[in-house]
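Just below is one structure, and these are the notes that go with it.
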Amino acid sequence: MTAYEQYIALLTLMRKEIRRYTRIWSQTLLPSAITMSLYFLIFGSLIGERIGEMGGVSYMEFVVPGLIMMAIVTNSYANVVSSFFGSKFNNSIEELLVSPTPNHIILLGFVSGGVSRGMLVAVIVTVVASLFVDLNIHSYLVVVAVVAMTSILFSLCGLINAVFANTFDDINIVPTFVLTPLTYLGGVFYSLELLPEFWATVSQANPLVYVVNAFRYGVLGVSDVSVGFAFAMIGAFTLVAYWYAAHLLRTGRRLRT
Amino acid sequence: MSYALEIQGLEKTYANGLQALKGIDLHVAKGDFFALLGPNGAGKSTTIGVICSLVNKTAGLVRVNGIDIDQNFPAAKRQLGVVPQEFNFNVFETVEDILIHQAGYYGIPLKIARERIDLYLKKLGLTDKRNTRARMLSGGMKRRLMIARALIHEPSVLILDEPTAGVDIEMRRSMYDFLREINAAGTTIILTTHYLEEAESLCRNIAIINHGEIVTNTSIKNLLRDLRKETFILDAREALPQDLAVEGFALNRIDDFSLEAQIEQGQDLAQLMSQLHNRGISILSMRNRENRLEQMFVSLLEQAS
């Protein structure tokens with residue numbers, strides 16, 4: 001395919017993916033706004049007032065970046081895992097597989113759907129958060145970069161999950177038993193300084209620690225880990241995920257017989 | 001000779017050890033209307049799956065219009081349009097969206113895609129269903145939608161896997177006309193079907209596959225020439241006599257007004273009619289007892305096994 005034809009194929013996939021989740025906005029965009037409002041109200045406003053400061057800022061300010069990032073992670077992941085698995089389930093993935101669309105365009109197309117939903121939800125949740133706390137962005141560059149990289153990373157993870165999934169139950173196992181625990185243990189609600197040394201060290205293997213802290217640095221200017229190291233780790237996780245997702249598409253594992 | 005499809009030594013062994021294809025060779029000339037016949041599990045869909053990349057081959061060579069799929073699969077895919085046996089589109093999308101997406105995957109800009117959608121929806125009688133969600137279509141309409149989708153990038157080779165399954169007779173005939181039309185315009189058509197009369201009326205050449213091996217690969221004309229015996233049902237004007245013996249012909253009484261005649265290759269049907277007439281038996285109508293190709297098909301499969 002020529003570069004122009006690949007561009008058309010990418011635009012087609014992006015349009016299809018974006019239309020898919022906007023058509024069912026009440027299932028894809030609204031829940032995050034409601035869930036995060038409750039988090040802000042309960043953890044930030046009600047309980048947070050009793051906790052006081054954390055990481056040098058009010059508890060409400062401390063949890064907001066982590067909660068926004070949690071929304072980005074879950075929505076990017078959910079979008080790609082459900083869309084790609086849905087295509088597998090109704091065999092419409094064959095439309096793509098029999099076409100000359102290169103694998104990297106297929107990958108980019110699905111990932112762009114996840115990224116755009118992640119970013120859209122980020123905007124919605126940020127607007128909701130601004131009702132509870134005044135947000136002064138410390139570094140727009142860091143915020144944009146970490147949101148983009150995180151949504152790419154978790155969109156890729158969603159695609160990998162979808163490739164291996166055989167049933168709709170399989171696409172819920174990872175979010176329930178892996179993603180949610182990693183999110184809660186990734187420093188969304190607490191500073192890593194509160195953890196015993198052993199668990200703080202274990203937490204270094206959790207990619208959510210880096211995305212939450214890098215984003216918190218971008219918003220508040222505070223972080224439990226070095227921002228440069230956090231970006232390096234997110235970049236490394238993203239490269240590994242991209243390589244593996246591309247490998248799955250190239251070999252046709254679970255897609256071709 | 002230039003071929004639309006060349007297959008040499010194609011083998012496929014699935015992960016469970018099932019050897020679906022045992023080194024098949026197949027050649028389909030450009031512009032041909034070709035039938036691939038075989039019973040369930042013979043290897044037809046596996047062969048098509050390999051050609052269009054849904055099945056990874058174990059060994060062998062496949063060329064589409066001279067393009068080796070191992071060398072340049074994207075270029076080979078561009079030559080192919082595939083209508084699979086099972087519906088494989090998102091039933092929640094509209095007919096138009098399904099076609100626009102497919103065109104996009106082939107790099108066709110939206111403006112050109114819309115023009116082609118107009119054309120193929122009209123040809124396939126789906127214009128008024130353009131904005132209908134696919135799940136609301138009947139089985140026949142879904143089948144035609146898949147044909148429109150396979151043609152949207154104007155391939156030179158169209159592969160149809162059981163295209164008329166679940167399609168009523170009237171719609172089947174209009175589909176036949178449409179396929180003949182695009183074949184006449186130069187598109188090579190490869191068809192798998194269980195309706196053997198479909199292959200006989202549409203196709204020029206045929207391959208019969210069984211247990212992953214090609215049993216025969218010849219023209220329909222040659223295949224039928226090999227058929228040694230045909231059975232006809234004759235309906236008489238008046239009640240038949242008890243003694244039906246006619247010299248040189250094997251006749252069986254079905255009921256008082258019908259008889260069955262077996263005509264060997266080389267025997268003259270006019271001679272039979274003449275002898276029956278001489279005996280005072282007047283024939284009103286005559287028909288084949290069963291599809292000739294079906295007889296041949298069963299006979300070949302029996303020989304192969």
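Only one of (1) surrounded by fewer than 17 Cβ atoms within 10 Å (Cβ to Cβ); (2) more than 21 Å from the chain's Cα centre (by Cα) fails for A:V98. Which number is that?
Unmet condition: (1).
Can you tell which of A:F189, A:F198, A:F237, A:F215 is without any contact (Cβ under 8 Å) to a residue 24 or more places away in the chain and more than 14 Å from chain B (Cβ to nearest Cβ)?
One residue alone meets the criteria, A:F198.
Could you check the range A:240-257 and list, in sequence order, the residues that are part of a helix (DSSP H, G or I) and either touching a helix residue (DSSP H, G or I) at 6+ places or on another chain (Cβ under 7 Å) or more than 14 Å from chain B (Cβ to nearest Cβ) (or both)? First the steps, then the outcome.
Residues of the range A:240-257 that are part of a helix (DSSP H, G or I), as a first pass: A:240-251.
A:V240, A:A241, A:Y242, A:W243, A:Y244, A:A245, A:A246, A:H247, A:L248, A:L249, A:R250 - these are the residues of the range A:240-257 that are part of a helix (DSSP H, G or I) and either touching a helix residue (DSSP H, G or I) at 6+ places or on another chain (Cβ under 7 Å) or more than 14 Å from chain B (Cβ to nearest Cβ) (or both).
Looking at this structure, is A:N103 polar (S, T, N, Q), closer than 24 Å to A:T257 by Cα and surrounded by fewer than 21 Cβ atoms within 10 Å (Cβ to Cβ)? Walk me through it before giving the result.
Working: polar (S, T, N, Q): yes; closer than 24 Å to A:T257 by Cα: yes; surrounded by fewer than 21 Cβ atoms within 10 Å (Cβ to Cβ): yes.
So A:N103 passes the test.
For the range B:38-54, name all the residues that are within 12 Å of chain A (Cβ to nearest Cβ) and surrounded by fewer than 22 Cβ atoms within 10 Å (Cβ to Cβ).
Answer for the range B:38-54, where residues must be within 12 Å of chain A (Cβ to nearest Cβ) and surrounded by fewer than 22 Cβ atoms within 10 Å (Cβ to Cβ): just B:S45.
Given (1) surrounded by fewer than 18 Cβ atoms within 10 Å (Cβ to Cβ); (2) under 17 Å from the mean Cα position of the chain (by Cα); (3) hydrophobic (A, V, I, L, M, F, W, C), identify the lone condition not met by A:W199.
Evaluating A:W199 over (1) surrounded by fewer than 18 Cβ atoms within 10 Å (Cβ to Cβ); (2) under 17 Å from the mean Cα position of the chain (by Cα); (3) hydrophobic (A, V, I, L, M, F, W, C) leaves (2) as the failure.
Looking at the structure I just gave you, is A:W243 surrounded by fewer than 17 Cβ atoms within 10 Å (Cβ to Cβ) and closer than 30 Å to B:N72 by Cα?
When the stated conditions are applied, A:W243 passes them.
When only residues in the range B:97-115 that are surrounded by 18 or more Cβ atoms within 10 Å (Cβ to Cβ) and free of Cβ contacts under 8 Å to residues at least 40 places away in the same chain count, which is farthest from B:K142 (Cα to Cα)?
The selected residue is B:G107.
Among the residues of the range A:101-121, is there at least one that is at pLDDT 90 or above, in a loop (DSSP other than H, G, I, E, B) and of a type outside the set (A, V, I, L, M)?
Yes, the range A:101-121 has at least one match.
Do we have any residue at all in the range B:35-54 that's part of a loop (DSSP other than H, G, I, E, B) and over 18 Å from the mean Cα position of the chain (by Cα)?
Scanning the range B:35-54, I find at least one residue that is part of a loop (DSSP other than H, G, I, E, B) and over 18 Å from the mean Cα position of the chain (by Cα), so the answer is yes.
With B:A59, B:A20 as the choices, which residue is among the small types (G, A, S), over 28 Å from B:A184 (Cβ atoms) and in contact with a Phe, Trp or Tyr (Cβ under 7 Å, 6 or more places away or on another chain)?
None of the others qualify; the one that does is B:A20.
Could you please let me know if B:A150 is touching a residue at least 60 places away in the same chain (Cβ under 8 Å) and within 13 Å of the chain's Cα centre (by Cα)?
no
Please list, ordered by residue number, the helices (runs of 4 or more DSSP H) wholly in the range B:55-150 having 2 or more residues that are more than 14 Å from chain A (Cβ to nearest Cβ) and over 29 Å from B:I7 (Cα atoms).
Answer list for the range B:55-150: B:110-123.
Output the helices (runs of 4 or more DSSP H) that fall wholly within the range A:1-56 and possess 3 or more residues being loosely packed, with under 14 Cβ neighbours inside 10 Å and within 14 Å of another protein chain (Cβ to nearest Cβ), or say none.
Output list reads A:3-23.
Of everything in the range B:168-189, what is among the hydrophobic types (A, V, I, L, M, F, W, C) and within 20 Å of B:G140 (Cα to Cα)? Give them in sequence order. Don't jump to the end; show me each part of the working.
Here is the first cut: in the range B:168-189, the ones among the hydrophobic types (A, V, I, L, M, F, W, C) are B:169, B:171, B:175, B:178-179, B:182, B:184-185, B:189.
Listed by number, the residues that qualify are B:I169, B:M171, B:M175, B:F178, B:L179, B:I182, B:I189.
Being assigned to a loop (DSSP other than H, G, I, E, B), within 33 Å of the chain's Cα centre (by Cα) and modelled with pLDDT of 80 or more is the filter here; which residues of the range B:243-266 pass it?
Within the range B:243-266, no residue meets the criteria.
Select, from A:S92, A:S83, A:S76, the only residue that is touching an Asp or Glu at 6+ places or on another chain (Cβ under 7 Å) and either within 13 Å of another protein chain (Cβ to nearest Cβ) or more than 17 Å from B:N90 (Cα to Cα) (or both).
A:S83
Return yes when B:I69 is surrounded by fewer than 20 Cβ atoms within 10 Å (Cβ to Cβ), over 19 Å from B:L191 (Cβ atoms) and at pLDDT 90 or above and no when it is not.
no
Hey, could you check the range B:90-107 for residues that are among the hydrophobic types (A, V, I, L, M, F, W, C) and modelled with pLDDT of 95 or more and say which is nearest to A:G86 (Cα to Cα)?
So the residue we want is B:I98.
Does the range B:213-221 include one or more residues that are of a type in the set (A, V, I, L, M, F, W, C), closer than 18 Å to B:I24 by Cβ and in contact (Cβ under 8 Å) with a residue 24 or more places away in the chain?
Yes, there is a match, as at least one residue in the range B:213-221 is of a type in the set (A, V, I, L, M, F, W, C), closer than 18 Å to B:I24 by Cβ and in contact (Cβ under 8 Å) with a residue 24 or more places away in the chain.
The values are calculated or read from the model by the stated rules, or taken from the named source; none is laboratory data. Everything numeric here is computed off the predicted structure, so don't read it as measured data. A quick note on method: Cβ atoms are made from the backbone with ideal geometry, for glycine too, and the neighbour counts reach across all protein chains shown.
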